[in-house]
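Peer 1: This is the structure I have questions about; it appears just below.
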Amino acid sequence: MRAQPKASHFIDGEYVEDSAGAVFDCVYPATGEVIAKLHAATPAIVERAIASAKAAQKEWANTSPTARGRILKRAAEIIRERNRELSELETLDTGKPIQETTVADATSGADSFEFFGGIAASALNGDYIPLGGDFAYTKRVPLGVCVGIGAWNYPTQIACWKGAPALICGNAMVFKPSENTPLCALKIAEILIEAGLPKGLYNVIQGDRTTGPLLVNHPDVAKVSLTGSVPTGRKVYEAAAAGLRHVTMELGGKSPIIVFDDADIDSAIGGAMLGNFYSTGQVCSNGTRVYVHKAIKGEFLKRLKARTEAILIGDPMNEDTQMGPMVSHAQRAKVLDSIAKGKAEGATLVTGGGIPNNVTGEGYYIQPTVFADVTDDMTIAREEIFGPVMCVLDFEDEADVLARANDTEFGLAGGVFTADLTRAHRVVDALEAGTLWINAYNLCPVEIPFGGAKQSGFGRENSAAALNHYSELKTVYVGMGPVASPY
Ligand code: NAD
């Protein structure tokens, strides 16, 4: 077992095992090899994780933000020092190529710790409200025990993006990674302890869709932050509502990219490829409906096809590899099924559509796939595929393309490529989504808020905006004179 952790869970500052929990395999998607065996959390483990978090949180809430920030900044340094090791683990967990994981995963987690560690001293202040003699003030107070539940596409990043703002606000977190990618969050928990975080404040427990509800329904939990699909979001939101718990929902998408005929065509193709093929297409904000103006469609598709067919697919540990396998056999089967629907419903397959023949063995590889002549009613244009499948649709008129782009239950992201400055801003104003890009795609530095609209969720991760979702205001009214009462 080449990636076997010391134990399945990390609670109260140490690795913990409970062999009564159901055993599950962690599989390296590039080979199908079982690289670790873990136990799902039993109810006793869930209790222990939450009790430890609850006990630790009280004192943490009274620690100065500067002191909290210092610990997070130290964790960021350790993550950066160990980037190679953490990136290899991320690759083992997900199958994403090392070329990506060394620049996009642990590094992004470190950015998050550094950013929130840095703003802690100044961003958690309250307000003084003069009332003419009397006055009031507000305090930004933590929520208590927060639960984080992760998807499998960015296991390190998600563990950090939820952990950093939660901790800096004075909360404790119990994090449950996806059952597909259980390894990376354990390392983050370990590093936080090494950086000086008091034990119990960041606990990690394993499990699947049967474990999640034990956390979400727990009476000592104040908040749940989920990264996952819309159907899971609905269930988690409903369960959280029963206990009136705070929620952040980072859910799925089917985002549009609109390419006008005056766009820099190579940049637009680059953006569309990044927004469909990075991480083997397993990115929630991907721009999977690419609306290309009819005047440039031929040239766009020709260059896109050539560039897509040049993508190097293979061993994710090879530095030259640009695309690794999908996360699991089941996910690949789902994507192949979507591709079959695209063909059956009459879309034109431009390239890809199957399993590449240059890779051997059991890995869950799939070809980057482009469909053209896609219409808005096709299944591939309506449902999230969550794989490297780009749908190219035609348009001629701005108002028409905006109406079509917005005709979806999702609202996570969107993009526009054009040289016309006013049109660019007009289009992003009209697009119904939480995160938008002009002449760029899928860039999510920690400084900017990230999150969805409509069915893609609510709440924001990253930036100072995330603090609002891990704290609440306490208002104090101060009477300075005798109480005036009619009684
Ligand atoms: P999923 O919804 O199947 O699972 C997400 C997590 O929820 C897992 O940890 C799972 O164990 C847990 N879970 C499942 N049912 C639960 C329940 N009833 N109660 C509590 N927890 C439960 O999603 P996935 O397949 O792991 O990830 C892919 C999905 O995530 C895609 O839809 C993608 O768009 C979305 N995603 C969104 C973002 C974002 O930031 N908006 C980022 C990454 C992925």
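The values are calculated or read from the model by the stated rules, or taken from the named source; none is laboratory data. Nothing here was measured: the structure is a model prediction, and the numbers come from that model. All Cβ positions, even for glycine, are placed from backbone atoms using ideal geometry, and neighbour counts span all protein chains on display.
Peer 1: Please work out which residue is nearest to the ligand (Cβ to nearest atom), limiting yourself to the range 186-223 and to residues that are in a helix (DSSP H, G or I) and more than 19 Å from the chain's Cα centre (by Cα).
Peer 2: At the first step, the residues of the range 186-223 found to be in a helix (DSSP H, G or I) are 186-194, 212-216.
After this cut, where a residue has to be more than 19 Å from the chain's Cα centre (by Cα) as well, the list is 190-194, 213-215.
On the way: 190: 20, 191: 21, 192: 20, 193: 23, 194: 25, 213: 5, 214: 9, 215: 7 Å.
Only one residue tops the list, namely 213.
Peer 1: What's the number of the only condition in (1) without any contact (Cβ under 8 Å) to a residue 60 or more places away in the chain; (2) closer than 22 Å to residue 428 by Cα that residue 306 fails to meet?
Peer 2: Condition (2) is where residue 306 drops out.
Peer 1: Where the second residue is within 7 Å of the ligand (Cβ to nearest atom) and part of a helix (DSSP H, G or I) and the first is in the same structural domain as residue 145 (by the TED database) and within 13 Å of residue 458 (Cβ to Cβ) and lies in the range 231-243, which pairs have Cβ atoms under 6 Å and are six or more apart or on separate chains?
Peer 2: Within 6 Å, the pairs are 236/216; 240/216.
Peer 1: Restricting to the range 110-159, count the residues that are assigned to a strand (DSSP E or B) and under 22 Å from residue 93 (Cα atoms).
Peer 2: As a first pass, look at the range 110-159 and keep what is assigned to a strand (DSSP E or B): 128-130, 135-142, 145-149.
Filter once more, keeping what is under 22 Å from residue 93 (Cα atoms): 147-149.
Residues meeting the conditions: 3.
Peer 1: State which residue is surrounded by the most Cβ atoms within 10 Å (Cβ to Cβ) when the search covers only the range 27-75 and only residues that are assigned to a helix (DSSP H, G or I) and of a type in the set (Val, Ile, Thr).
Peer 2: At the first step, the residues of the range 27-75 found to be assigned to a helix (DSSP H, G or I) are 43-61, 65-75.
Filter once more, so that each one left must be of a type in the set (Val, Ile, Thr): 45-46, 50, 66, 71.
Values: 45: 25, 46: 22, 50: 23, 66: 12, 71: 23.
The selected residue is 45.
Peer 1: Further question: So residue 120 fits all but one of (1) closer than 25 Å to residue 85 by Cβ; (2) crowded, with 24+ Cβ neighbours inside 10 Å; (3) more than 16 Å from the ligand (Cβ to nearest atom); what number is the exception?
Peer 2: Evaluating residue 120 over (1) closer than 25 Å to residue 85 by Cβ; (2) crowded, with 24+ Cβ neighbours inside 10 Å; (3) more than 16 Å from the ligand (Cβ to nearest atom) leaves (1) as the failure.
Peer 1: Here's something else I'd like to know. What number of residues within the range 145-166 satisfy the criterion of being touching a helix residue (DSSP H, G or I) at 6+ places or on another chain (Cβ under 6 Å) and either of a type in the set (A, V, I, L, M, F, W, C) or away from the ligand (no atom under 13 Å from the Cβ) (or both)?
Peer 2: 9
Peer 1: Output the number of the condition that residue 367 fails; it satisfies all remaining conditions of (1) surrounded by fewer than 17 Cβ atoms within 10 Å (Cβ to Cβ); (2) not in a helix (DSSP H, G or I).
Peer 2: If we test residue 367 against (1) surrounded by fewer than 17 Cβ atoms within 10 Å (Cβ to Cβ); (2) not in a helix (DSSP H, G or I), just (1) comes out false.
Peer 1: On to the next question. List pairs: first residue in the range 74-97 and free of Cβ contacts under 8 Å to residues at least 60 places away in the same chain and farther than 16 Å from residue 363 by Cα, second residue among the aliphatic types (A, V, I, L, M) and buried (at least 17 other Cβ atoms within 10 Å of the Cβ) anywhere in the structure, Cβ distance under 7 angstrom, at least six positions apart or on different chains.
Peer 2: 76/110; 80/110; 83/106; 87/98; 87/106
Peer 1: Taking residue 304 and the conditions (1) surrounded by 22 or more Cβ atoms within 10 Å (Cβ to Cβ); (2) closer than 29 Å to residue 462 by Cβ, which numbered condition does it fall short on, given that it satisfies the others?
Peer 2: It fails just one condition, (2).
Peer 1: Also, I was wondering about something else. Can you pull out every residue in the range 224-253 that is more than 9 Å from the ligand (Cβ to nearest atom), of a type outside the set (Ser, Thr, Tyr) and either closer than 24 Å to residue 167 by Cβ or in contact with a Phe, Trp or Tyr (Cβ under 9 Å, 6 or more places away or on another chain) (or both)?
Peer 2: Hits for the range 224-253 are 240, 243, 244, 245, 246, 247.
Peer 1: List the residue pairs whose Cβ atoms are under 8 Å apart, where the first residue sits in the range 321-336 and is touching a residue at least 40 places away in the same chain (Cβ under 8 Å), the second is part of a strand (DSSP E or B) and among the hydrophobic types (A, V, I, L, M, F, W, C), and the two are 6 or more positions apart or on different chains.
Peer 2: Filtered contacts from the range 321-336: 321/313; 322/313; 323/313; 324/313; 328/27; 335/389.
Peer 1: Among the residues of the range 337-362, which ones are touching a residue at least 24 places away in the same chain (Cβ under 8 Å) and within 30 Å of residue 375 (Cβ to Cβ)? Don't jump to the end; show me each part of the working.
Peer 2: Taking the range 337-362 first, the residues touching a residue at least 24 places away in the same chain (Cβ under 8 Å) are 338-339, 341-342, 345-348, 350-352, 356, 358-359, 361-362.
Hits for the range 337-362 are 338, 339, 341, 342, 345, 346, 347, 348, 350, 351, 352, 356.
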